[in-house]
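Heads up, the thing below is written out as structure tokens.
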């Protein structure tokens, strides 16, 4: 009997141990299954995340390869990893990109080539406006859903104005860029509209309560860096890029577009007597980045030809950046230019040596107009004027007068009907798309 009891006891103990082992095994198995399921979920989540991230990088690559046509590649990027892509325009050339893959969502802000501190007109020169200005504004910054802190003029030097000063406001018909909202307006403190029967003369560093904040004094105005993305001191790096078609008296490049000179060995700039014809020929050849090295006189026939040639570029190449560097500019006539005009003088010694002579070499009637304007103002002289416009030539991509210490003169109203889209094509050849700082993993 005792032997039987011992057997039963042994069997019970063994059964209990086996049951305990089985319970432990089952618990461990459930834990393993949970860990496997959790690991699978984490793998799936990371796969979804990287699929969405891959879609973003696909969009970024498309924007770098084809900055004017990148949105046409969105369908291909959505096929990659079965992601969905949403694009929202935030401002000119700035877009929110949201990529979704199942439960994963990743977003970044894409910035294409655009000036960083824009205005319809920027003047580091002294600016003399004998008959005012009529300008449609750069929206610049939003104040609320429908009002903007508009800008028509940023200036760094002295400012003389007489006549009508008109910020034309934001228009649904002539919007500042594609995608700009409807029923938008400049804030009341950012829209100057006045008639100056008595000239307004502001010395360097001063402003006036007659002007709203759309006309703004900026002592640190850096137009070159805003447009080209590098400091003004690095102007030669921009000029030397093969994308710029160079016009000068002395050839500056090889037939392949490579510079023949360094910044130190560049010849002195001089008057390009056939400036208008050569700019027209460059435009007709499809060039949308043009750098004139020296002085440039453009009469009414030249301006009409440049209007036709710049407008005829059309399509994805529509829009021009024209830089005139190291010399004077004179414009005589009316019309429109479908691009931006940038006047640059960075070497005052070389400029001073030629300025008076270059003015005397323009058409007699234009020279007489300049002399008449200069003789009536104490602060003006032929050797301190770098730019003279006698007509209403509407530079639709914007105007930059980057000639510190010299005067830019307008005998007729300074007119700009701003179309920022005109800068998209030329700037995209110089500046790559980038993720804006502050968006996820920007670099």
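No value in this document is a laboratory result; all are computed from the given coordinates. Just so we're clear, the structure is a prediction, and the values are computed from it rather than from any experiment.
List the relative contact order of the chain as a percent without decimals, with contacts defined as Cα pairs under 8 Å and 6+ residues apart. Walk me through the numbers on the way to the answer.
Working: 946 pairs, mean separation 74.3, N = 443.
It comes to 17 percent, rounded to a whole number.
When the distances between all Cα atoms of the range 251-345 are binned every 10 Å from zero, what whole-number percent does each bin get?
All Cα pairs, binned at 10 Å, distribute as 15, 49, 29, 6 percent.
How big is the chain on each of its three principal axes, counting only the C-alpha atoms and giving the largest first in Å?
That gives 139, 53, 36 Å along the principal axes, largest extent first.
By DSSP, what percent of the beta bridges with both residues in the chain are antiparallel, rounded to the nearest 5? List each step's numbers first, then the result.
Details: 28 of 87 bridges.
Here the share of antiparallel DSSP bridges comes out near 30 percent.
For the Cα atoms of the chain, what angle does the longest principal axis make with the long axis of helix 348-360, in degrees from 0 to 90, nearest 10?
It works out to around 50 degrees.
Remind me, what semi-axes does the range 305-394 give for its equivalent ellipsoid, largest first in whole Å, using sqrt of 5 times each Cα gyration tensor eigenvalue? The partial results should precede the final answer.
On the way: eigenvalues 153, 54, 20 Å².
Computed over the range 305-394, the values are 28, 16, 10 Å.
Using just the helices of the chain, give the 222 nm mean residue ellipticity in deg cm²/dmol: DSSP H runs with n ≥ 4 each add -39,500 (n - 2.57), and the total is spread over all residues, rounded to 500.
Working: 9 runs with 135 residues, N = 443.
Mean residue ellipticity, 222 nm, calculated: -10000 deg cm²/dmol.
Return the ratio Rg/(2.2 N^0.38 Å) for the range 264-318, where Rg is computed over Cα atoms only.
Against the compact-globule rule of thumb, the ratio is 1.25.
Just to confirm the number: angle between the C-alpha axis of helix 2-65 and the first principal axis of the chain, 0 to 90 degrees, nearest 10?
So the inclination is approximately 10 degrees.
Any idea what angle helix 364-375 forms with the longest principal axis of the chain, computed on alpha-carbon atoms, 0 to 90 degrees, nearest 10?
Helix 364-375 sits roughly 90 degrees off the main axis of the chain.
Could you tell me the convex hull volume per residue, in Å³, taken over the Cα atoms of the range 285-440? Could you put the intermediate results ahead of the total?
Numbers: hull volume 21.6 nm³, N = 156.
Dividing the Cα hull volume of the range 285-440 by its residues yields 139 Å³.
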